[in-house]
1. Could you tell me whether residue 48 is part of a strand (DSSP E or B) and either closer than 30 Å to residue 107 by Cα or touching a residue at least 60 places away in the same chain (Cβ under 8 Å) (or both)?
2. Suppose we keep only residues that are in contact (Cβ under 8 Å) with a residue 60 or more places away in the chain and not in a strand (DSSP E or B) within region 1-27. Which one would you say is farthest from residue 111 (Cα to Cα)?
3. Would you mind stating whether residue 38 is among the basic types (Lys, Arg) and under 18 Å from residue 105 (Cβ atoms)?
4. Checking the conditions here, which among 89, 51 is in contact with a strand residue (DSSP E or B) (Cβ under 6 Å, 6 or more places away or on another chain) and surrounded by 10 or more Cβ atoms within 10 Å (Cβ to Cβ)?
5. When residue 77 is evaluated against the numbered criteria (1) in contact with a His (Cβ under 7 Å, 6 or more places away or on another chain); (2) modelled with pLDDT of 95 or more; (3) not polar (S, T, N, Q), which criterion, by number, is the only one it fails?
6. State whether one or more residues within region 71-91 are β-branched (Val, Ile, Thr) and within 15 Å of the chain's Cα centre (by Cα).
7. Could you grab me the full set of residues in region 93-109 that are within 15 Å of the chain's Cα centre (by Cα) and not aliphatic (A, V, I, L, M)?
8. I'd like the full set of residues that are without any contact (Cβ under 8 Å) to a residue 12 or more places away in the chain and out of contact with any Ser or Thr (no Cβ under 8 Å at 6 or more places or on another chain), limited to region 78-95.
Amino acid sequence: MTYAIVETGGKQLRVEPGRFYDIELLHLDPESTYTIDKVLLVSHEQEVTVGLPFVEGATVEGTIVKHYRGRKVLVYKMKPKKKTRKKRGHRQEITRLMINSISLNGSALAVEATAEVTK
């Protein structure tokens, strides 16, 4: 099984080809491709490549599926006996990213299964 650990939006994710992930908002149009260069680790057939801090020549390519807003998070602040109450809500902007391939030094290690059938 091939996977990679990437950094995007200040968070680290373990990604595999053919799966989608929800990340911080990317200001790109849906159905456009996005390449992640900040790859921290690549694992391919019992061989692990660890970067210091990033793996040189490793990229993860994906397609933006859609943009949407996450669930509402309520923040309620109250001071007892003071009649002070604040109720605030927040909805995070999210981008759904479908991972197409993981590449190392220009050669694709893993490609999404549907992409192989269409070629």
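The values are calculated or read from the model by the stated rules, or taken from the named source; none is laboratory data. These numbers come from a predicted model, not from an experiment. Here the Cβ positions follow ideal geometry from the backbone for every residue, glycine too, while neighbour counts run over all protein chains shown.
1. yes
2. Once the filter is applied, the top-ranked residue is 25.
3. Criteria met by residue 38.
4. 51
5. The failed condition is (1).
6. no
7. Once the filter is applied, which keeps residues that are within 15 Å of the chain's Cα centre (by Cα) and not aliphatic (A, V, I, L, M), region 93-109 yields 93, 95, 96, 100, 101.
8. 79, 80, 81, 82, 83, 84, 85, 86 - these are the residues of region 78-95 that are without any contact (Cβ under 8 Å) to a residue 12 or more places away in the chain and out of contact with any Ser or Thr (no Cβ under 8 Å at 6 or more places or on another chain).
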